[in-house]
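Here's the structure, in structure tokens; my notes come after.
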Amino acid sequence: MSRAYVYDAGGLTMGDSEILEDTTRSTGREALKKNVQAAIALAGAIRSTLGPKGLDKLLIDDDGRTLVTNDGVTVLETAKVEHPVAKMIIGASSLQDKIAKDGTTSTVILASEMLRNAWELVVQGIHPAVIARGFRMAEQKVIEDITENAISGSEDLFKLAAISALSGKGHDSLKQTVSDLSLVAGNYVRNKNGKMEKEKIKIISQTGSVLEHSEVVQGLVLAKKRIDLSMPKEIIDGSIILIDGGLERRSFSSDMKLNVTTPGILEQFRNKEREMLMSQVEHLKNLGVNVVACKEGIDDDVKNELVKCGIQAFRRVAKSDLDLVSMSCGATVVNDVMSATESSIGMCLSSSNKMLGGLEHWVVTGDGCGATIIVRGSTVDIVGEVERCFDDCLGVVGQMYDDGRLLPGGGASYVALARSLRRFAETIPGREQLAIAAFADALEVIVRVLAENGGLDPIESLISVVAKQTSENSHLYGINLYNGEVEDMMANGVIEPLGIVKQAIIGATEASISILRIDDVLWAKQDIEIPEIPQ
Ligand code: ADP
Ligand code: MG
């Protein structure tokens, strides 16, 4: 019960109105209604981006920077949303982004539709707890069905699914380039079990070129060149040391005076410093190091010594890049060269300098070195959006390499699940039956929104898909937005990984159930802000 808060403290009885003086409160139905409204408003903000015919949003941040995107989660995370329930749904979408990368817009649209339908049942007098139970039963059934409907994919289908993930995100040539390169990069970083280790893919960007010139390089690529051209260009079977500092004379960190009383003492001081640096180089030689990378500088006399020893060296390498090399080659980043031991040294197959896009790059290859995608485009904005496309596409490729099962897109899978759920609902005797049917209706929202964004009649499109699936007794039929026809989506290459659709439904169900369970919202009253008086 929501309104039983009367406290008896030693004979003093306080009503909740006194305790919650600084709080605005809405309870029961009122609270749920407001929460459902917030969810619907949130979904309303992004529903026009869903699908291949979805439109873009122009986002402008506090500093006036602009971003044009079609990605639901990017829109939601950039917008300043204050409403706590809206934030819960954004959380579900962000989780989808983290786990599956794709399907973020679908998650929000599904959650809001589930809540809208639940609200209608509440109005008819069904308790939210019963609805939540029905939703859980529906979710279980959907997970069983969806796995049955999935088809094992081949490389060809993977390619089509990668392209489908990019629908609405750009022109055909972008889709081809991004999907091809993502599949190649994904293949480079598959482990023994065939799973893709996405964290081993690095994306770097270069402006002033065209997207079609983007490429994948096997290994780790850093925008650095060796400090001296007489150092070896390529080292095979490299032993790498990573130094979180430099091989240089240090400048005094505090303001001090050196009182020179004896002639030559300054000379001795300099010699000592040089000696110390040379002993560091000697130590590196003894450890068998042939590649050096430091975060800070390398003095000229040290450089000459390194050249003499045939060591390849890089300076001013960012700490984050040192960490990447460390992860790839098994080297530990050392603070002090003299304390480095054999175990601090990392191994690589090759460490070379290559010209990529007219600039010199350091390329490290080896067992754990992964792959680097070099994204090229004319401007920073274009490269940024292409990077987001890669992010989505790599997520989908990762899903496919993890679990190769695929589903037909274009709303086909959602309609098939809804049809099966309705039959299942009939077998449930309690009031949960109504909730399961409401859940089924909610799943159909995806086809409706896809059709709406494609300029088609949403209801008619939905009815045609249901009719075709029933007459053909097949779950493969959905709406192909490129021609507006109801078609076999697998045959037409509109395909998505099982993991993405499944996670979207699970995420949306979780979010809607947790919102359904809230029957009391207490808002702390905000202080009234007094505007500053202009001088
Ligand atoms: P999300 O953020 O949810 O991934 P998208 O804007 O990427 O949203 O849209 C994905 C939806 O678009 C999926 O349901 C997918 O099946 C559908 N889709 C992709 N290509 C087509 C197509 N050619 N025809 C119809 N639907 C498509
Ligand atoms: Mg998508």
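In table form, for the structure just shown:
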quantity	calculated
Gyration tensor (alpha-carbon) shape descriptor, region 189-260, a/c threshold 1.5	prolate
Sequence of Thr470, Thr49 once ranked by neighbouring C-beta atoms within 10 Å, starting from the fewest	Thr470, Thr49
Helix-only mean residue ellipticity at 222 nm for the chain, each DSSP H run of n ≥ 4 adding -39500 (n - 2.57), per residue, nearest 500	-15000 deg cm²/dmol
Mean-position separation - Cα centroids, region 134-164 and region 109-123, in angstrom	24
Computed E for Asn335/Glu212 - FRET, C-beta separation, R0 51 angstrom, nearest 0.05	0.70
Of Lys159/Lys198; Lys159/Lys502; Lys101/Lys319; Lys53/Lys200; Lys175/Lys468, those spanning more than 23 Å from alpha-carbon to alpha-carbon	Lys101/Lys319; Lys53/Lys200; Lys175/Lys468
By average C-beta atoms within 10 angstrom, highest first, the peptides 387-393, 440-446	440-446, 387-393
The chain: radius of gyration over Cα atoms, expressed as a fraction of 2.2 N^0.38 Å	1.27
Integer Hz, Karplus 6.51/-1.76/1.60 couplings in order for region 361-378, x for Gly and Pro	10, 9, 10, 10, 10, x, 3, x, 7, x, 9, 10, 9, 9, 8, 10, x, 6
Fewest-first ranking of Arg65, Arg315, using other Cβ atoms within 10 Å as the exposure measure	Arg65, Arg315
Axial C-alpha extent at least 18 Å, average Kyte-Doolittle at least 0.5 - helices from the chain (DSSP)	84-99, 104-123, 498-516
At R0 = 56 Å, FRET efficiency that the Cβ-Cβ distance of Ser230 and Leu59 yields, to 0.05	0.70
DSSP beta bridges in the chain [antiparallel fraction, %, rounded to 5]	70
Between region 292-340 and region 396-429, the alpha-carbon center distance in angstrom	52
Stokes-Einstein diffusion coefficient of region 350-397, Kirkwood radius over Cα pairs, 20 °C, 1.002 mPa s, in µm²/s	169
Inter-probe distance in nm under a simple model that places probes 7 Å from Cα toward Cβ, at Glu197 and Glu30	5.7
Placed amide H near Leu406: partners under 5 Å, 5+ positions off or other chain	Ile151, Ser152, Gly153, Leu498
Likely footprinting exposure, Tyr482, Tyr414, fewest C-beta neighbours within 10 Å first	Tyr482, Tyr414
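Here, each number is a calculation from the coordinates, and none is a lab measurement. These numbers were taken from a predicted model, which means no experiment stands behind them. Because the Cβ atoms are built from the backbone with ideal geometry, glycine has one as well, and the counts that use them run over all protein chains shown.
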